[in-house]
């Protein structure tokens, strides 16, 4: 079976849904393929079966005051509530306020070239500003915890730029969507849900063949049932970098130019048409 659209979008996380929303607003036909059985990507919300209280397993906070996200939340009729943003720090057996341990943040926002790993920058700044050990430890922990990055390899200038961007959009003070973060993504996907043949869940893209002006995507369910070919003039790939960079499983027997990769537990490959 061949499914046709103007644009085939891989992934129904925030990026894929936003792309679909914009393209449909321009009158284009889209097809969105999502390997999971739900939309939302890294936004994953569970609810207590009795109280319907949301439990966030993925993205959890609205940081600062990002205008575009807050507009979406308001349009969906959802509620944003600030969290308690005080800090407590257990350091060398003593529990105390942790505000002073964040003394690295202002210098980090002002970091200059040349670039180097965060661990090197922290050691350099600790000598320059005579930071106590707790500040250096917190800086490294902040990179690991907030940015999910390894301070031994993470780019100082990249993190500095993200810190400045966050500051410009209201800082990193956290709030929560009380009804659950997934409600925001469901609102983004509303037009896809309402239009049959545009959103395919449990649809793993295992092969993409392309040439200028034409793309063919072969997909199957996670159980291995073929779903046919999805064809369009263009493709938008919003899969996580970890999937795109996955280690090749095996050489492709049918085409030496193919690159076979793992995607949600199955192999997929890119190839010229």
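A few comments on the model shown:
- Comparing 92, 176, 127 in a Gaussian network model of the chain where C-alpha atoms under 10 Å apart are linked, the largest mean-square fluctuation is found at 92.
- Where both bridge residues fall in the chain, DSSP classifies roughly 65% of the beta bridges as antiparallel.
- Our summary gives the chain a relative contact order of 28 percent, counting only alpha carbon pairs under 8 angstrom and 6 or more residues apart.
- Nearest 10 degrees, 0 to 90: helix 133-146 Cα axis against the chain principal axis: 10 degrees
- For the range 95-168: rounded, prolate or oblate by the Cα gyration tensor [a/c cutoff 1.5]: rounded
- 222 nm mean residue ellipticity, helices alone, for the chain (DSSP H n ≥ 4; -39,500 (n - 2.57); rounded to 500): -8500 deg cm²/dmol
- Gap separating the Cα centres of the range 109-164 and the range 1-63, nearest whole Å: 33 Å
- Gyration tensor verdict on the range 91-239 (Cα atoms; rounded if a/c is under 1.5, prolate if a/b is larger than b/c, oblate otherwise): prolate
- Rounded if a/c under 1.5, otherwise prolate or oblate - the range 141-215, Cα gyration tensor axes: oblate
- Each peptide among 184-190, 164-170 gets the average number of other Cβ atoms lying within 10 Å of its residues, and from highest to lowest they stand as 184-190, 164-170.
- Taking each residue as 0.36 nm, the span from residue 148 to residue 85 lengthens on full extension beyond its C-alpha to C-alpha distance by 20.7 nm.
- Between 0 and 90 degrees, the angle of helix 156-168 with respect to the longest Cα principal axis of the chain falls at about 90 degrees.
- Protection proxy ranking, highest mean first, for peptides 195-206, 12-23: 12-23, 195-206, where packing is the per-residue count of other beta-carbon atoms within 10 Å, averaged.
- Coordinate range of the alpha-carbon atoms in the chain per principal axis, descending: 66, 48, 35 Å.
- Put simply, when 107-119, 50-62 are sorted by average Cβ atoms within 10 angstrom per residue, most first, you get 107-119, 50-62.
Rule-based calculations on the coordinates, nothing more; no lab input. Computed from a predicted model, the values in this text were never measured in an experiment. Neighbour counts run over all protein chains shown; Cβ positions are idealised from the backbone, glycine included.
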